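What follows draws every value from the coordinates through simple rules; no lab data is involved. Because the structure is predicted, anything quoted here is derived from the model rather than measured. Using ideal geometry, Cβ is built from the backbone for each residue, glycine included, and neighbour counts are taken over all protein chains shown.
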Amino acid sequence: MAKRIAVDPITRIEGHLRIEAKLEGGKIVDAWSSSTAFRGVETILKGRDPRDAHHFTQRFCGVCTTVHSMASIRAVEDALKIEIPDNARLLRNLIMGIQNVQDHVIHFYHLHALDWVDITSALQADPKKTAQLAQSISDWPNSSVKHFEAVKARVAKFATSSSGLGPFQNAYWGHKAYKLPPEANLMAVAHYLEALEWQKEVIKIHAVLGSKNPHPQTFLVGGMSTPIHPDSQNAINADKIAYLMKLFKQAREFVEKVYIPDVLAVAPFYLDWAGIGGGVGNFLSYGDFPESGGNDVGSYYFPRGVIMGKDLANLMEMDEAKITEYVTNSWYNYAQGDDKGLHPYKGETKHNYTGPKPPYEWLDTNQKYSWVKSPRYMDQPMEVGPLARILVAYVGGNKEVKAAVDFVLKTLNAPASALFSTLGRTAARAVDCLVLAQRNETWLQQLADNMGRGIYEVHNKEKWDPSTWPKEAQGYGTHEAPRGALGHWIRIEDQKIANYQAVVPSTWNAGPRDAMGQKGPYESALIGTPIADPNKPVEILRTIHSFDPCLACAVHVMDGNGSEIIRVKAL
């Protein structure tokens, strides 16, 4: 007999996501992804100065911080044909590079690890054996018996406090799907706590280069406002370069000695997940991090490309003209019919909620059921994110990516096909973090070299004055954000924004079925997932969290009237 379950909301993400799934024989046979809050920021942007757009779009989300600023500014620069100075390229690479590194570490330890790590099991761990385990996989200094004794005591005190386990008390501790031994759990909990302290230091890089975090303020159409001059204390000088290099090295050291070893230590206990969560099998990466020119696509460190049907032997060029968005099962209307896909330049944001009145038991998934649209490339659903980025880079010739991926596969004794899975998605994010943590130091040295040669320019102001603009212009800007392919499209008329559309990574991944009935990546990835206990579907969390959803980016509004913290239903 089939069962239907709903997890609403999916926690440990940004925004509000509901997953409904149909179970037969202990496995998911159908699934529906729904965001339950309205999106409308594009409408707010109409009629505004294009040079101000990034200040609004950057605030789509408090987690993705400056990624929307990057895509927005590139869209305006593309429309107005503006080239940025080399220093601006490097400053942008550094800010966005450390954003990805910090975001991946926080995602693994604080959003995703608890799907695999049982905190309560850590209370049964032997600190001596934990230290032996930690020292066997890395020379990270915080691996002594004394250190793990202190962490165990800290967790025990927390567990016996009046608040119980605080924010962790409603988790599925003791679930039979957890497989790590107590010592591995204690090690992971210790690194969970260390990652909190680590990110507090690392993100100071944004404060130095971008004036603040979140939402750095030094991005400008035409370049950056971050000053560079060796003789000014109010600019990037030799002292600040040395300080930044110290922070970048700290970031890399944690990734190399804690994050990567932890992933490789945990993965062998969950190798069955190398065959679960494969999804649509189509991957899209816009590519990013130019190595030359202002934004020379051909020089991108992560190349641009498309992979269809898991065919790693055929890397296709990405053509943004082939992107469309459907609203067939989304709470919007298109003037020419909801069965038509629209390119973002012609995108419409006309809300029309036809779903059930909250609170409700179930969505009517035979009708429209989400506030997220359904992006398609060549009318096909596409997965975006670190896995797509790493796959495209792997077959596209990035030597560092290929070496890291081959090392991970060899260590786990797994074939390349294992990448098309929940476990592969998690491993790809770690590889993405590693290569960027290492590359950041190269970009910083290049910035120092430019300064040493007397190159201080950070902004091209030739087309800052709107009187120099054409009467009409349109352009698009892309960025490979931590969660994947982010694109902004803008049309400018009479020096004002005439239309604006943002297609974000979680829109690509979380979108509902399209006019052809094709499932989105979340929905497809859940098919075939075994569920040990329908009342505690931790398996759903594992696959959905492997994408790292950001529904705030996809819908931009949250409901302030909600009274439930979590609902899991089973029929």
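Ordered by the count of other Cβ atoms within 10 Å of each Cβ, fewest first, VAL29, VAL151 give VAL29, VAL151.
Among TYR178, TYR369, TYR243, the order by Cβ neighbours within 10 angstrom, fewest to most, reads TYR243, TYR178, TYR369. Think of the chain as a dipole: +1 on every Lys or Arg Cβ, -1 on every Asp or Glu Cβ, centred on the Cα centre; then among ILE13, THR468, GLY298, ILE13 lies furthest on the positive end. The string of couplings for region 174-181 from the Karplus curve (6.51, -1.76, 1.60, θ = phi - 60°) is x, 4, 5, 6, 7, 10, 6, x Hz, one whole number per residue in order, with x for Gly and Pro. In region 315-383, taking the dipole from charged Cβ atoms about the Cα centre, the farthest positive-side position among THR354, THR365, TYR334 is held by THR354.
Within a straight-line Cα-Cα reach of under 16 Å, LYS340 can be paired with the following aspartates and glutamates, leaving aside sequence neighbours fewer than 8 residues apart in one chain: GLU325, GLU348, ASP379, ASP514.
Measure up LYS46/LYS310; LYS128/LYS176; LYS27/LYS179 against 29 Å on the Cα-Cα distance and list the ones that go over. From LYS46/LYS310; LYS128/LYS176; LYS27/LYS179, over 29 Å: LYS46/LYS310. Within the chain, the cysteines lacking any other cysteine Cβ closer than 4.7 Å to their own Cβ are CYS433. When peptides 340-348, 16-24 are ranked by their average number of other Cβ atoms within 10 Å per residue, the highest-first order is 16-24, 340-348.
Across the cross-link table entries LYS322/LYS471; LYS200/LYS246; LYS204/LYS249; LYS350/LYS471; LYS22/LYS519, which are compared at the Cα atoms, the separations over 20 Å belong to LYS322/LYS471; LYS350/LYS471. Our coupling estimate for region 10-16, obtained by passing each phi through the Karplus curve with A = 6.51, B = -1.76, C = 1.60 and θ = phi - 60°, is 5, 8, 6, 9, 9, x, 10 Hz, Gly and Pro reported as x. First measure r as the distance between the Cβ atoms of LEU165 and LYS357, then evaluate 1/(1 + (r/R0)^6) with R0 = 30 Å and state the FRET efficiency to the nearest 0.05. E(calc), rounded to 0.05, equals 0.30. Amide H neighbours of LEU220 under 5 Å, at least 5 residues apart or on other chains, H built in the peptide plane: list them. Hits under the 5 Å cutoff: SER225. The residues neighbouring ASP406, those whose beta-carbon lies less than 12 Å from its own, together hold a net charge of +2 under the Lys/Arg +1, Asp/Glu -1 convention.
Here the dipole of region 1-150 is about 220 debye; that uses its Cα centre as origin and unit charges on the Cβ of Lys and Arg (positive) and Asp and Glu (negative). Output the relative contact order of region 183-314, whole-number percent, from Cα pairs under 8 angstrom with separation of 6+ residues. The normalised contact order for region 183-314 reaches 14 percent.
Multiplying the residue separation of ASN535 and ASN142 by 0.36 nm and removing their Cα-Cα distance gives an extension gain of 137.7 nm.
Summing charges over neighbours of HIS147, with a neighbour being any other residue whose Cβ is under 15 Å away from its Cβ, gives 0 when K and R count +1 and D and E count -1.
Per-peptide packing, taken as the mean over residues of other Cβ atoms within 10 Å, places 500-508, 305-313, 209-217 in the sequence 500-508, 209-217, 305-313 from highest down.
Multiplying the residue separation of ASP231 and ASP52 by 0.36 nm and removing their Cα-Cα distance gives an extension gain of 61.3 nm.
Taking a Cβ cut-off of under 13 Å around ARG12, the surrounding Lys, Arg, Asp and Glu residues balance to a net charge of -2, with basic ones at +1 and acidic ones at -1.
Relative contact order of the chain: what whole-number percent is it, with Cα pairs under 8 angstrom and at least 6 residues apart? Relative contact order, the chain: 28 percent. Full extension of the chain segment joining SER417 with ALA313 gains 36.2 nm, where the gain is 0.36 nm per residue of separation less the Cα-Cα distance. Dipole magnitude for region 204-287: about 240 debye, using +1 per Lys or Arg Cβ and -1 per Asp or Glu Cβ, origin at the Cα centre. Between the listed residues ASN213, PRO167, SER34, the Cα displaced farthest toward the positive end of the dipole of the chain, a dipole computed from Cβ unit charges relative to the Cα centre, is found at PRO167. For the peptides 272-280, 358-366, 405-413, the ranking by mean Cβ contacts within 10 Å, running from highest to lowest, is 272-280, 405-413, 358-366.
Each of LYS257, LYS519 was scored by other Cβ atoms within 10 Å of its Cβ. Arranged with the fewest first, they read LYS257, LYS519. Here the 3J(HN,Hα) profile of region 146-161, calculated from phi with Karplus coefficients 6.51, -1.76 and 1.60 at θ = phi - 60°, is 4, 4, 6, 4, 5, 5, 4, 5, 5, 5, 4, 5, 5, 5, 9, 6 Hz, Gly and Pro shown as x. Mean separation of Cα pairs under 8 Å and 6 or more residues apart, divided by the residue count, gives region 15-107 a relative contact order of 15 percent.
Remark: the chain carries a charge dipole of roughly 880 debye about the Cα centre, counting +1 on each Lys and Arg Cβ and -1 on each Asp and Glu Cβ.
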